[in-house]
Ligand code: KG4
Ligand code: ZN
C-alpha cells in the first residue's frame, strides 16, 4: 500500500510517499526557516501564505521522486492537529480536495502520535508497549504507549517546551532561529561544566519537567557577565545549558522506564535530533540494557513520512477515527 503523507502543522510544508508503513519512497520538505528567522519565531500569517504557495509543488515533487502517479496512491494521510489552525486548514483542505478528485481514501492523524511512532520507520520491530519522549518546539512529554492509539502521559513540562527553551536561549546568545541546531553547534566548542545551571524538578516525586527556571538562570548569568564588561563565553553557556537539559531529560526518562518496567524507549520531535542528547540516552540505555529506538534526524524534525507511516498503521488496523478529517489546533495524544 502506497500512502501519501501531507504535513502542514507549523512551518514546514511536507509530502512523502511511504510503502507499507516503513519504506520511504520520497520525502520532500519545504522549510520556511528563512522567512521566520528575522522574527525569531514562527509568524502564523507568513506560515499560512507559504503553505498555500508551496503545497502543490511539494506534492508534485514528492510523486515525481517516488516515480508514481496519483492513480498509484492507495491512501492519503494528513495531519489534523495539533498545530497552527490556519496552517492545518490548508493541509487538510488540500488533502480533501485531492482525495475527492482522485477518489482516494483519506485519514487524518495526530502530529504527536506520528512523532511517537516514527521509531518504527527506523526499525519495524518496534512493538508495544514502549516509553516515548516527545520533545519539540511546542510539546514536551513522557508517554507510555500501550497500544496503537492508546497512550498515557506520565509526565510533561509545567511551563516551556524544551525546543522553546533552546530557541529562547539561542536568541539570548544572539545565535538566531531555530535555536536547537545553533546551540548544539556553538556547544561543540564549549565546556559542559563551565556554569552550573539548575535541573528544575529533577528530584520532584513525579515525572514532570520544567524549563522556565533554567532559561531564567541563563538570562541572569548572561546579564551578570555583561555587567562585568567581559566577552560573553557563548560556547560555554550553550554547552552548560544543553547539558542541563540533557541531564534532566535523561534522568526523568530512565525513571519512567524503571517505574513502569517498560524497557523500550522511543524519542521523537525536533529536539530528538540533538546529537549529545542522543548519545547520552544511548549510553544510559546501553548500561541498563534497555532498547532505544532513535529515528533518523530527518524524521525527528517535522516531516510527512511519519504522517504517511502512521496513516498506514491506523488505516490497516481499522482506526479511522474521524472520516471528516477536520483540522484541530489542540488535540491531546490521550484523546485519539
Ligand atoms: O518537531 P519540530 O520540528 O516542530 C514542532 O512540532 O515544534 O521541533 C522544532 C524544535 C525547535 O524548537 C528547534 O529549535 C528544535 O526542535 N530542534 C533542536 C535541534 N533541531 C531542532 N533542538 C536541539 N537540538 C537540535 N539539534
Ligand atoms: Zn513536530
Close pairs (6 angstrom Cβ cut-off, 6 or more residues apart or separate chains): more than 18 Å from residue 261 (Cβ to Cβ) in region 113-133, in a loop (DSSP other than H, G, I, E, B) and within 15 Å of ligand 1 (Cβ to nearest atom) anywhere
113/333; 115/269; 118/295; 119/295; 122/295
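Identify the residue in region 134-151 that is part of a strand (DSSP E or B) and near ligand 1 (Cβ under 9 Å from one of its atoms) and, among all such residues, is surrounded by the fewest Cβ atoms within 10 Å (Cβ to Cβ). Steps first, answer last, please.
Going residue by residue through region 134-151, those that are part of a strand (DSSP E or B) are 134-135, 140-147, 150-151.
Pick out the ones that are also near ligand 1 (Cβ under 9 Å from one of its atoms) and you get 134-135.
On the way: 134: 26, 135: 30.
Looking at the filtered set, the residue picked out is 134.
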Answer yes or no: is there a residue in region 229-252 that is within 16 Å of ligand 2 (Cβ to nearest atom) and out of contact with any strand residue (DSSP E or B) (no Cβ under 7 Å at 6 or more places or on another chain).
no
Out of 240, 171, report the one residue that is more than 30 Å from residue 35 (Cβ to Cβ), within 16 Å of ligand 1 (Cβ to nearest atom) and in contact (Cβ under 8 Å) with a residue 40 or more places away in the chain.
240
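Residue-wise test of (1) under 19 Å from residue 131 (Cα atoms); (2) exposed (fewer than 13 other Cβ atoms within 10 Å of the Cβ); (3) touching a helix residue (DSSP H, G or I) at 6+ places or on another chain (Cβ under 9 Å).
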residue: 195; (1), (2), (3): no, no, yes
residue: 221; (1), (2), (3): no, no, yes
residue: 224; (1), (2), (3): no, yes, no
residue: 233; (1), (2), (3): no, no, yes
residue: 239; (1), (2), (3): no, no, yes
residue: 242; (1), (2), (3): no, no, yes
residue: 247; (1), (2), (3): yes, no, yes
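What tally of residues in region 48-88 results from selecting those that are within 20 Å of the chain's Cα centre (by Cα) and either more than 16 Å from ligand 2 (Cβ to nearest atom) or modelled with pLDDT under 95 (or both)? Reasoning before the result, please.
Looking only at region 48-88, we keep the residues that are within 20 Å of the chain's Cα centre (by Cα), and these are 48, 51, 77-88.
Subset that is either more than 16 Å from ligand 2 (Cβ to nearest atom) or modelled with pLDDT under 95 (or both): 48, 86.
The number of residues fulfilling the criteria is 2.
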Pick from 161, 186: which is at pLDDT 95 or above, within 22 Å of the chain's Cα centre (by Cα) and within 16 Å of ligand 2 (Cβ to nearest atom)?
161
I'm checking my understanding of the structure. Among residues of region 178-190 that are surrounded by fewer than 20 Cβ atoms within 10 Å (Cβ to Cβ) and outside any helix (DSSP H, G or I), which one is nearest to ligand 1 (Cβ to nearest atom)?
188
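The values are calculated or read from the model by the stated rules, or taken from the named source; none is laboratory data. Everything quoted here is computed from the prediction, not taken from an experiment. We place every Cβ from the backbone using ideal geometry, glycine too, and count neighbours over all the protein chains shown.
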